[in-house]
Every structure is written in structure tokens, then in C-alpha cells.
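See structure below.
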Amino acid sequence: MRPLAQCHVLLTAVLASAAAVVSTSVPAQDRFAERAAMIETIKLHARSAPSAVEGQGIDPAVLKTMGKVPRHFFVPEEQRGAAYRDRPLPIGYGQTISQPFIVALMTDLINVGPGDVVLEIGTGSGYQAAVLSPLAAKVYSIEIIPELGERAAARLAELRFDNVEVKVDDGYYGWPVHAPFDGIVVTAAASHIPPPLVEQLAKGARMVVPVGGPFATQFLMLVEKRRDGSITSRQLLPVSFVPLREGRAR
């Protein structure tokens, strides 16, 4: 892998619409029934995890978006038959695309609004960014593995969403030039809640982050910065994520 210092290039993905319109260069595969079944499975999980899911369940706006985003275009060709199954899938370089329920839950917990600016740590396949895109004003996403970051940016552009910028860098330190963020989603497990990300969280905003070692129990944590600047956190449910990789000394 080439040094990160040579990879601090913005990979601007031009995404066209909340409906995730697919460009003519991508084979037209609707797979609507599979996405509908995926949504029903997400609802079932939400009912069985009331301590993690707030209110009456996953926000309908999140479910509507996930019902439109073509998840099968964000996984390798050989995995597309399993794209809508209720489990994570390998995407190369030792990384995975998260289970659909976890994507829905993490998106729901940060309470994304139409005017919000959101930070994602761990672009991976680009799927989480694609789900966030129609719900927010702007999505900034950081991926430490150059090949994955470049591939995700190209795929997001190919699918013609708008408002996402992907950068190859060390996500532990966030993206301070665009802070504060109205929500932060971390899609890899950290050994602790990263202080730079807490600092970049706007007052009244939330961050979801899995915390724990790769061979230990991990928990999804909800971190909130209150209006007075104080920080609260709570443990939601056990999860299994690839570890958050760090590659730049500060």
C-alpha cells in the first residue's frame, strides 16, 4: 500500500438524486423484491432490539432510502447474489460491507436531517455513504485503504448521487476543516472513542461508533454532545466490526 502522505486527494463523488439513479453504463438490475424483503428483515430486527432502537423503530425515511439504494452495486461481482441477505459481506482488503440492519440502525441513531453535514469514518464499499446521501445536505467520508477509497468514489459517481466527498486518509483524526459535524458514523471498531471525533461533533449532535478489540467483545456506542458541550455515551448492543486502522502519526 502506498504511503498515506501521497493519497490525501479528495475523491469527489458526484451523486445525482435521493432515488439513486443508475447511469446507463451500469447494467439495469432493479431487484426491488429483494430490497423489500431486506427492509422487512430490518424491521424485524428493530422490534427485537428495543434497547438500541429509539422510538417506534427505524425512521421510515431511512427505510425508504435503503429501499432505493442498489446495494448489489456496492459488493464484488461474485457477492451480488447475496447482496440483500442479512449479513456482512467481504469487499476485499480484509474489509466488509455491514449487515443491512446495522447500517439502518447506525443511520437512524444519528438523526440525520436535510440540512445536516455528516462525517463517515470507513468508506469501505461506499454503501453507507450512499444511504446517508439522500438524508443529509453533505456527506464527508474517509477511507484509509487507497484502493477501496478510489473504488468507492468511482462507484458513487457512476451511480450519480450528489453531495459526497471521499478522502483517502486516517479517519481517526476526522476531517477538521469541515467540522463541526451534525452526525458521525464510524464503521470500524476502535479500541476507544476517538477524542478528535468527539471534538469535531457539533453541540447537540451524535456519533455512533463500535468500540472493542478484534478478538474481544465489541459494543456499538452512542455518543452525544449536549448543547452545553458535555458528553454522554451509552452502550447499545454487541457487534462485530473490522478494526479501525490508523496509519498517520500526529
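Readers should treat all values here as calculations from the given coordinates under stated rules, not as data from a laboratory. As the structure is a computational prediction, the values presented were derived from the model and not from experiment. Ideal geometry is used to build each Cβ from the backbone, glycine not excepted, and the neighbour counts take in all protein chains shown.
Assorted remarks:
- Screening the chain for whole DSSP H helices of 15 Å or more along their axis (Cα) with average Kyte-Doolittle hydropathy at least -1.0 returns 32-48, 146-158.
- Cα shape, the chain, gyration tensor, a/c 1.5 rule: rounded
- Set of aspartates and glutamates near LYS138 by C-alpha distance (under 17 Å), chain-local residues within fewer than 8 positions excluded: ASP108, ASP116, GLU120, ASP162, GLU165, ASP182
- Evaluated on region 91-175, the Kirkwood hydrodynamic radius is 12.8 Å, with distances taken between all distinct Cα atoms.
- Local electrostatic count, LYS138, Cβ distance below 10 Å [Lys/Arg +1, Asp/Glu -1]: -4
- Summary of packing: across the peptides 132-139, 191-198, the per-residue average of other C-beta atoms within 10 Å ranks them, highest first, as 132-139, 191-198.
- Most to least packed among 117-129, 215-227 [average Cβ atoms within 10 Å]: 117-129, 215-227
- Taking N as the residue count of region 182-240, its C-alpha radius of gyration divided by 2.2 N^0.38 Å amounts to 1.08.
- Cross-link partners of LYS203 among lysines, defined as those whose alpha carbon lies under 17 angstrom from its own and excluding same-chain residues fewer than eight positions apart: LYS225.
- Counting only residues at least eight positions apart within a chain, or on another chain, the lysines with an alpha carbon under 20 Å from that of LYS43 are LYS64, LYS68.
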